[in-house]
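Below is one structure, written out as structure tokens; the observations come after it.
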Amino acid sequence: MLNIDKIKEIVEDMGIELDEQTQEILEILSETPIISENTIAEKLEIKINAARKSLYKLHSVGFVEYTKEKDAEKKWWYIYFWELNQKKLLDIYLRHKQKIAKKNEETIVAEREFEFQTKDGTLKFKYEEALANEFVSPENGRPLVQIDNLNFIQQLETDIQTLNTQITDIKLLQEKYKEEMTKLIIAEEVPEEPKKKPKKKIVAKVAKK
């Protein structure tokens with residue numbers, strides 16, 4: 001199971017900005033399997049609407065879920081129960097890293113494809129295209145400049161290596177989480193052994209002479 005520090009690290013790494021109140025609610029969710037928004041509001045001494053606003057922000061990212069039940073006293077009122085889904089959090093985090101890695105790979109392909117560009121960098125050309133245009137911009141006739149992107153490509157390649165390491169680490173976290181959840185399910189399914197009643201001591205009676 002992920003602790004709150006790791007959860008906050010993941011959320012921050014994905015570029016999700018949380019205000020202080022939402023961070024406090026995230027911490028409460030990490031400590032409690034399922035909790036009502038009423039209880040959260042009471043814990044933080046805030047209004048239910050304020051708690052709900054932060055909860056919906058977390059829900060919009062995709063790793064906080066809710067169920068609702070009718071209030072026993074107010075039949076027209078629903079009580080919302082919230083939980084942090086760590087599996088979904090790791091799934092979202094994995095896709096986030098994979099998306100960045102893929103984008104970097106596509107950028108490298110594009111950067112290697114073009115060799116010339118306009119001075120302001122708005123238009124790029126393959127060698128054959130630049131040659132056909134006599135190495136001048138078709139828009140304003142100014143000379144094209146050769147693209148010097150070796151350092152940029154090398155940096156992207158380094159970033160991809162780092163991302164691939166992070167992706168491997170996330171997959172290991174997913175496996176660990178899966179194993180821990182499996183153990184919990186098995187533990188819940190195994191019935192407790194009935195307590196054995198202590199055996200009564202048999203005292204041998206001595207015959208009177």
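The values are calculated or read from the model by the stated rules, or taken from the named source; none is laboratory data. Being a predicted model, the structure only gives us computed values, none of them experimental. All Cβ positions, glycine included, derive from the backbone under ideal geometry; neighbour counts span all protein chains shown.
Scanning the stretch 1-39 for residues that are touching a residue at least 24 places away in the same chain (Cβ under 8 Å), out of contact with any Phe, Trp or Tyr (no Cβ under 7 Å at 6 or more places or on another chain) and over 22 Å from residue 178 (Cα atoms) gives 13, 16, 18, 19, 21, 22, 25, 38.
Output yes when any residue across the stretch 159-171 is part of a helix (DSSP H, G or I) and either modelled with pLDDT under 90 or aromatic (Phe, Trp, Tyr) (or both), and no when none is. No - not one qualifying residue is present in the stretch 159-171.
Residue by residue, here is whether (1) within 26 Å of residue 167 (Cβ to Cβ); (2) outside the structural domain of residue 146 (by TED's automatic domain parsing) holds:
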site: 19; (1), (2): no, yes
site: 32; (1), (2): no, yes
site: 50; (1), (2): no, yes
site: 71; (1), (2): no, yes
site: 75; (1), (2): no, yes
site: 80; (1), (2): no, yes
site: 105; (1), (2): yes, no
site: 109; (1), (2): yes, no
site: 114; (1), (2): no, no
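Looking only at residues in the stretch 68-97 that are over 24 Å from residue 172 (Cα atoms) and modelled with pLDDT of 95 or more, which one is nearest to the chain's Cα centre (by Cα)? Going through the qualifying residues, I end up with 82.
Note on the stretch 7-60: residues that are among the small types (Gly, Ala, Ser), buried (at least 17 other Cβ atoms within 10 Å of the Cβ) and outside any helix (DSSP H, G or I) amount to 1.
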